[in-house]
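In what follows, a single structure is set out as structure tokens and then discussed.
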Amino acid sequence: MFLFRKDEMRLRQLRAEDATLLLKWLSDPMVLEYYEGRDRPHDMKLIRENFYDNREGITQCIIQYKEVEIGYIQFYFIDDQEKKEYGYEGFAGNIYGLDQFIGEVEYWNQGIGSLLIKEIVHYLITNKEAGKIVMDPQTWNTRALRVYEKNGFEKKKLLEKHEWHEGELRDCWLVEYDVG
């Protein structure tokens, strides 16, 4: 089942057999440099823990481009604890968080990430009544930040020492797409 189809891009629900794709991608040092860290290559146990166990409330999808499975994306409703951490306690609308990566590195730098972000934003606004959409990329990931800003996200808050990556806590930007 596809969550959506747009031109040559499709998102479909994550399936059990996708564990081998995730293992391939999250064992690649080039991917791990940006997602999880090169010091955390995944084995099948980590794939199960991080992508299949206790995932209620998270919509997980495989990204297909020209019928090739190239990456992973997930979205989820931001809970009260995250609303407080991000400074959204008073916001009454729906806030969704996004995480994604393109695992097939030969598809990097072709505008596919930008197309993905544009389409998932449209999907969340149209189908999930999102009022805001947020992500927390690491501050050094300028390529991702450019894609997000190109698609209407704005840096809202510096999250100091927010994410463990390659042996240290790294700073992240809270970036926001505000529908309002």
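Only protein heavy atoms count here; on that basis, with a 1.4 Å probe, Phe75 has an accessible area of about 10 Å². For the chain, taking Cα atoms only, Rg and Dmax work out to 15.7, 43 Å respectively. In the chain, the calculated helix contribution to ellipticity at 222 nm averages -8000 deg cm²/dmol per residue, counting -39,500 (n - 2.57) for every DSSP H run with n ≥ 4. Placing +1 on each Lys and Arg Cβ and -1 on each Asp and Glu Cβ, with no other charges, gives the chain a dipole about its Cα centre of roughly 440 debye. Could you tell me what percent of the accessible area of region 7-95 is made up of carbon and sulfur, with a 1.4 Å probe and every protein chain present? Ligands and nucleic acids excluded, carbon and sulfur reach 46 percent. Sparse packing (at most 12 other Cβ atoms within 10 Å of the Cβ) combined with a DSSP loop state is found for the following trypsin sites (Lys or Arg not before Pro) in region 43-132: Lys66. Remark on Tyr35: its backbone amide H falls under 5 Å from none of the residues 5 or more positions apart or on other chains, H modelled at 1.01 Å from N. Of all complete DSSP H helices in the chain, those with a Cα span along the helix axis of 20 Å or greater and a mean Kyte-Doolittle hydropathy of -1.0 or more are 112-128. Amide H contacts of Thr139: Asp171, Cys172, Trp173, each under 5 Å away and 5 or more positions distant or on a separate chain (H built 1.01 Å from N in the peptide plane; Pro and chain starts excluded).
Segment Asp80..Asp171, full-extension length gain: 30.6 nm, with 0.36 nm per residue of separation and the alpha-carbon distance subtracted.
Report relative contact order for the chain in percent, whole number only (criteria: Cα-Cα under 8 Å, sequence separation at least 6). Reported as a whole number, the value is 18 percent.
The values are calculated or read from the model by the stated rules, or taken from the named source; none is laboratory data. Fair warning: this is a prediction, and the values are worked out from it, not measured in the lab. Don't worry about glycine lacking a Cβ; one is built from the backbone with ideal geometry, like all the others, and counts go over all protein chains shown. The area values use the complete protein model at the heavy-atom level, side chains included, leaving out ligands, DNA and RNA. Shrake-Rupley method; radii C 1.70, N 1.55, O 1.52, S 1.80 Å.
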